[in-house]
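The values are calculated or read from the model by the stated rules, or taken from the named source; none is laboratory data. Bear in mind that the values here come from a model prediction, so they are computed numbers and not experimental data. Please note: Cβ atoms are built from the backbone with ideal geometry, for glycine as well, and neighbour counts cover all protein chains shown.
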Amino acid sequence: MCVPQAPADGILKLSVLSRADSHPAKVDLGVGAYRDNDGNPWVLPVVHEAERRLHSDPNFNHEYLGVGGLPALTSGAQKLIFGKDSPAQGRVYSMQTISGTGANMVAAVFLKQFKEPSDACVYISKPTWGNHRSIFETAGHKVLEYRYCNYETLKLDIDGMLDDMRAAPMGQIFVLHACAHNPTGIDPTEEQWREIAKVMKERGHFPFFDCAYQGFATGDVDSDAYAIRLFVAEGFELLVAQSFAKNMGLYGERTGCLHAVCQSPSVLPQVSSQLNRLSRATISTASAYGAKIAGTVLEDPELYGEWLMSMHDMSKRILAMRWLLKNKLVKLGTPGNWDHVTEQIGMFSFTGLTKKQVEALRTEYHMYMTDDGRISVAGLNTHNVDYVAESIDAVIRTVNV
Ligand SMILES: Cc1ncc(COP(=O)(O)O)c(C=O)c1O
């Protein structure tokens, strides 16, 4: 066998560097995980309560789940994404997956095997979550990019995006971030989503929604599902990858779902059988523990209500950090316009810092962020935000481009 070296994964490499740095001023803004105001991981109170209930249940066990996953999870997850009275009801198959990444992978393989035309390419936003290209290429797709971020203004390049959708051959696959776009934090407005849906319909494109941050964009799960629900109402067939890593804090428990919205209930048996086959071939059955936690929360109205409040709290803290960072940069007179810090949404901010500036922040100030200048705003807190702003200010003044 002749095996070439695989390219390093930027985020994983960053985590290794950050972990090895024991400097007291270290700030890790790399990992896309929520942190509390003391920089610690947060186990949501509803997760603690669901765990307590699971462990006090005399019937609790570690048996295999069925091939489609835990019904309490898949049905609750379906309602969460599509809403209670969705026009898709009765023609959606929801299957449990290994978190959002697993849902992306099953979707990628499914589309490769069944999407027509068979030479349809996958279009990902420029930029996008680093794993999208890898997942779709691994599944055998040709992956192309559509314009998304205007790198001058750090706003959505809606004209470029729509032009690229119009210019693509009919019937291509478009990967869309349902909300809280990673890495830019730039989401289309509702009006822009309507334009996107219109153009995609005209061109017969297939929407694949990746929804890893429902509840993190606006703090409201329904608002964050706007785009998906719009496309469903417009009659699209589509797939949705859904993760409970961020919004329920179940990162390592690998809890997620893939939803397939079909044109008609009559094709559900075929679609579900093929998705089950793919899942069986790769993971056999999904992981039980996180599913039981999430299923308990989704099924119990009281826990569900508390969970919504926790999501609201997390998104409120992130928003407060955006304002503190921006205000401090403005106060310091840091060259540049910093409005994008508060205009962007969700867990991330695309700062506009260059690769060299990012490197200088890492080596001189022990601040970790991805090479494209993305920070996880959840890593900021009232103890480190001044240091972060002062470091950015110093680097911008000294390290040119
Ligand atoms: C856009 C996007 N999709 C999917 C994922 C997958 O997350 P997980 O597999 O942890 O659910 C992430 C995580 O960072 C993401 O940002």
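A few remarks follow.
- Test result for L54, touching a Lys or Arg at 6+ places or on another chain (Cβ under 6 Å) and either touching a residue at least 60 places away in the same chain (Cβ under 8 Å) or in the same structural domain as L258 (by TED's automatic domain parsing) (or both): yes
- Test: G290 is in the same structural domain as V175 (by TED's automatic domain parsing), in a helix (DSSP H, G or I), within 16 Å of the ligand (Cβ to nearest atom) and touching an Asp or Glu at 6+ places or on another chain (Cβ under 8 Å): yes
- Checklist (1) surrounded by fewer than 19 Cβ atoms within 10 Å (Cβ to Cβ); (2) modelled with pLDDT of 95 or more; (3) under 24 Å from the mean Cα position of the chain (by Cα); (4) not in a loop (DSSP other than H, G, I, E, B) applied to S15, failing item: (2)
- Taking the criterion of being touching a Phe, Trp or Tyr at 6+ places or on another chain (Cβ under 8 Å), within 25 Å of V122 (Cα to Cα) and either aromatic (F, W, Y) or more than 7 Å from the ligand (Cβ to nearest atom) (or both), the residues of region 237-254 that qualify are E237, L238, L239, V240.
- Checking the stated criteria, S134 turns out not to satisfy the condition of being at positive phi and among the hydroxyl-bearing types (S, T, Y).
- Filtered by the rule that a residue be part of a loop (DSSP other than H, G, I, E, B) and either away from the ligand (no atom under 16 Å from the Cβ) or exposed (fewer than 15 other Cβ atoms within 10 Å of the Cβ) (or both), region 18-38 gives D21, S22, H23, P24, A25, K26, D36, N37, D38.
- Within region 41-58, being within 18 Å of G249 (Cα to Cα) and acidic (D, E) holds for E49, E51.
- T285, sole failed condition from (1) more than 16 Å from the ligand (Cβ to nearest atom); (2) without any contact (Cβ under 8 Å) to a residue 40 or more places away in the chain: (2)
- Residues in region 339-356 that are buried (at least 22 other Cβ atoms within 10 Å of the Cβ) and either without any contact (Cβ under 8 Å) to a residue 12 or more places away in the chain or assigned to a helix (DSSP H, G or I) (or both): V341 alone.
- Only one entry in G305, G295 is surrounded by fewer than 16 Cβ atoms within 10 Å (Cβ to Cβ), not in a loop (DSSP other than H, G, I, E, B) and not assigned by TED's automatic domain parsing to the domain that holds N37, namely G305.
- Subset of region 190-222 [outside any helix (DSSP H, G or I), in contact with a helix residue (DSSP H, G or I) (Cβ under 9 Å, 6 or more places away or on another chain) and more than 16 Å from the ligand (Cβ to nearest atom)]: R203, H205, F206, T218, G219, D220
- Any hit, region 311-326, residues being of a type in the set (F, W, Y), outside the structural domain of F110 (by TED's automatic domain parsing), surrounded by 16 or more Cβ atoms within 10 Å (Cβ to Cβ) and away from the ligand (no atom under 16 Å from the Cβ): no
- Single residue of region 255-271 satisfying the filter (buried (at least 24 other Cβ atoms within 10 Å of the Cβ) and of a type in the set (A, V, I, L, M, F, W, C)) that is farthest from the ligand (Cβ to nearest atom): V261
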